Structure formats: C-alpha cells, structure tokens
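This report concerns only the one structure given below.
The values are calculated or read from the model by the stated rules, or taken from the named source; none is laboratory data. Only a predicted model underlies this, so the values are computations on that prediction, with no experimental measurement involved. Note: ideal-geometry Cβ built from the backbone for every residue, glycine included; neighbour counts use all protein chains shown. For accessibility, only protein heavy atoms count, side chains too; no ligands or nucleic acids. Shrake-Rupley method; radii C 1.70, N 1.55, O 1.52, S 1.80 Å.
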Amino acid sequence: MTNKKLVLENLLRDPLFWSALLLNLLIVYLYGNDAIYNYNIIVAQSIQTFAYAVAHYLLLKNTPINYAVKKVRLNRKRKKSDKNRKSFGNYIEKDETGNWVYTTIFFILLCFFTVFLAVIVLTVNWNVHRNSFVFQSSDFYPAIWALSNAIFYYKNNKARLTYSNASPSELVAVPFFKLYIPMFMMIWGYILPMKVIGDIIGFILSNPKYWNSPADNESKKTV
C-alpha cells in the first residue's frame, strides 16, 4: 500500500464491506457474553476463512487475468488431404481463462491451510470440550452468512481481475494476508476482539479498490 491513500467513499459504498462488518457484529452478539464460546468463534472464523479461500481458488481458476486468446480446434479428425498437421481443421478464438501457475500455488496453500485450520479447531475442541465436538444451532447463522459473503467476494473480484494483469503478490500474497491474519491474531489471545479487529483490518487493507495512488489520479485526469 505504498504511497496509496484510503478512499473512504469506495469503502462505504461497498456492500461486501458492510456485510462483513455485520457478520462480525452478529458473532459479537452471539458469543460476546461468555468466554466459553471462544471455541465457537474459532469454528466460525475457520468456516469463513475456508469459504473465502475456496472462492479465491475458483476466482484464479476461472478468471482471465492476462489478456490472451487461444485457438481451439473444432474438428479433431484429420483428413488424408490435410498434409500439414498444424493447419488442418477449423479453429475458433477463445479467451484463455485462469492462470494455472497461480491456481496451482493457491490450491497447494488451500490444502495446507485447510489442514492448519482443522488442527486448530480440533486442538481447541480437545482442550475445551474433552474431544466431544460441539456445534450449536446458532453457529449455522455465521456459517451461512460467511458462505454468502464468499459468493459476493467471487463475483466482485471476478469483474475487477478480468484482464487486469494483476501481480502475483495481489493474486496470492494479499489474499493470504486477508484470509489468515485474523487466525494468527486470535492465537495470541483475546479471541473475540482479535477476530473482529483482524477481520475488518485485513479486509480493508487487502482490497485494492479501497485504495488510490497519485498515479491513479493522474490517469483519471488524462482520460
């Protein structure tokens, strides 16, 4: 975020930001009165993290990041009259979707961090509930909300990243920061405040459309 300033107007006009904020307020309302619910907060954050991670993986898989067109051969059967192997058949031009390098890297990270989240949940569950998995009916509300936020995240960023030529840091490193910084903050204690603060701060810092640089202002003036 070097030399970039927060554009408050873009932040306040984004429905996904308000949805993420209300989700955290719901978790505060459900679990804020008693420390016994710390385990449920960790479960809620794990579900939210996993949902966002899957959405981002699908985003990298299905979105044409770089502008590239590939030729697709319609008819695969080669005739005897087609002597040149490369030129036979009819072709159509089709947008190249996804980037297999970024997708593979993030898929490996997704698998690793899924195990990481599962270990955290099971470890806390062992210490708090003596290995009896506890999941209240009220825990379904944040889970469903988190899944809907992940769908909106996918739709919003698909339009933003299409033909954006985004850098590897924006495609892999920044989502990692957004998804997992709340979990790392929660490990240090004060689980509920760290969850809310880490979630909101990570959401704002990792979203490029909330930030503006002098170069962006100059480009707008020249258009």
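Looking at region 126-142, which of the residues that are more than 11 Å from L26 (Cα to Cα) and either in contact with a Leu (Cβ under 6 Å, 6 or more places away or on another chain) or assigned to a helix (DSSP H, G or I) (or both) is modelled with the highest pLDDT? By that ranking, first place goes to F140. Per the listing T49, T97, T63, the residue uniquely of a type in the set (S, T, Y) and at pLDDT below 80 is T97. Taking every residue in region 61-72 that is within 11 Å of A159 (Cα to Cα) and pairing it with any residue that is at pLDDT 80 or above and open to solvent by 40 Å² or more (accessible area, probe 1.4 Å), at least 6 positions away or on another chain, the pairs with Cβ-Cβ distances below 7 Å are T63/K158; T63/T162; P64/T162. Looking only at region 175-183, decide whether some residue is surrounded by 19 or more Cβ atoms within 10 Å (Cβ to Cβ), under 20 Å from L30 (Cβ atoms), aliphatic (A, V, I, L, M) and modelled with pLDDT of 85 or more. No - not one qualifying residue is present in region 175-183.
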